[in-house]
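Here's the structure, in C-alpha cells; my notes come after.
Taken together, the values in this text are just the output of simple stated rules run on the coordinates, not laboratory data. Keep in mind it's a predicted model, so treat the numbers as computed, not measured. Virtual Cβ from ideal backbone geometry, glycine too; neighbours counted across all protein chains shown.
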Amino acid sequence: MPIWTEHSESRTARTVVVLTLACVAGMVNATGFFAVGTYTSHVTGHASMIGDELARGDRVAALHFFALVLFFIAGAFLATLFVESARRLGRARYVAALLVEASILTAFTAISALVEEKGEHLWRLLTAMLSIAMGMQNALVTRISGAVVRTTHLTGVATDIGIELARLFYWLRRRTLAVSPFRLLVDFTREEELQKLRLHLALFGSFLAGAIVGPLLFLRFGYAAMLAPGLLLFGLVLLDRFGWNRALSTGFRQDPSPMHRPPAV
C-alpha cells in the first residue's frame with residue numbers, strides 16, 4: 001500500500017478508510033440507480049447528457065444534469081471546508097465530513113421510506129442528495145490519499161491497473177525462473193515495486209463488492225438498503241472517536257500536510 005505518512009499506523013488507518021469508502025461508493029452508486037434511476041457519481045456521464053439533452057431540445061433535462069454536476073462539486077467543496085476547518089482547529093480532520101455524508105444517506109433513506117408518492121421534484125431532491133454525498137466522499141479520499149486515488153469512479157483505477165500490470169509483467173519475467181510459484185505469490189504481496197497495483201486492485205474489488213451487495217440489499221429491503229453505506233460511515237467515525245487500536249486516531253490527527261501537498265508514492 002502507498003506510504004500515506006511516515007507512521008505505519010497512519011498508513012494502515014488510511015488504507016482501511018479508503019477501501020471502506022470505495023465499498024460505500026459502489027453501494028451508493030449501484031443502489032442509487034435502482035432508487036433514483038441514475039448513477040450519481042458519474043460526472044462525465046452527466047456532462048455528456050447535458051449536450052445530449054440540449055441536442056434533443058429538452059432544456060429542462062439538460063438543466064437537471066447540469067445541476068447534478070453542480071451538486072457533486074458542492075459536496076466536494078463542503079467536505080474540503082470541513083477538513084480544513086478541523087485541521088486549523090486541531091481536531092479529527094475527517095469526522096465531521098463523514099458524519100455529514102452519513103447523515104445525508106440516512107436522510108435519503110428516511111425521506112424515501114416515508115413518502116410513498118414521489119413526484120418529480122422529490123426525485124430531483126433525492127438525486128441531488130446522493131450527488132452531494134458522492135462529491136463529499138471523492139473529496140475526502142482525495143485528501144486522505146494525497147490525491148493518489150479516487151473512489152467514486154473506476155475509470156482512473158482501471159487505467160492504473162493496466163499501467164501497473166505492465167510493471168508486473170516485467171517483474172514476473174525477472175523472477176519466474178528463479179523462484180517457486182508459492183514464493184512468487186508471497187513476494188507479490190510484499191514487493192514495494194507493486195504496491196500501487198495492490199492498492200488499485202483492492203480499490204476495484206471494494207467498489208465492486210459494494211456495487212454487488214448494494215443492489216441485492218435494495219431488492220430485499222427497498223430504500224432501507226441505503227442505511228448500509230451510512231452505517232459503514234458511522235463505523236469509521238466510531239473507530240476514530242473511541243480509538244480502537246488508535247489506528248484511525250493516528251491517521252486522522254497526525255498528518256500536518258497542507259491542502260496541496262504532493263502525493264507520496
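Suppose each label sits 7 Å from its Cα in the direction of the beta carbon; what would the Ile212-Phe169 distance come out to in nanometres?
Each label point is offset 7 Å from its Cα along the Cβ direction, giving 2.8 nm.
Return the sequence-ordered ³J(HN,Hα) values of the range 154-170 in whole Hz as given by the Karplus equation 6.51 cos²θ - 1.76 cosθ + 1.60 applied to θ = phi - 60°, using x for Gly and Pro.
10, 4, x, 4, 5, 4, 5, 4, x, 5, 6, 5, 5, 4, 4, 4, 5
Grab the Cα-Cα distance for Leu70 and Thr155, subtract it from 0.36 nm times how many residues apart they are, and report the gain in nm with one decimal.
Additional length available on full extension: 28.5 nm.
I'd like to compare 114-125, 37-48, 55-66: which one has the highest average count of other Cβ atoms within 10 Å, and what's the full order after that?
37-48, 55-66, 114-125
What is the extension gain from Leu99 to Phe34, computed as 0.36 nm multiplied by their sequence separation minus the C-alpha to C-alpha distance, in nm to one decimal?
Full extension from Leu99 to Phe34 adds 21.0 nm.
What nm distance separates the two modelled labels at Leu81 and Val60, each placed 7 Å from Cα along Cα→Cβ?
Roughly 3.1 nm, to one decimal.
Based on the alpha-carbon gyration tensor of the range 58-109 and its eigenvalue square roots a ≥ b ≥ c, which shape applies: rounded if a/c is under 1.5, prolate if not and a/b is larger than b/c, or oblate?
Verdict is oblate for the range 58-109.
Modelled label-to-label distance, Leu89 and Ala224, 7 Å Cα→beta-carbon offset: nm?
Computed distance between label sites Leu89 and Ala224 equals 3.5 nm.
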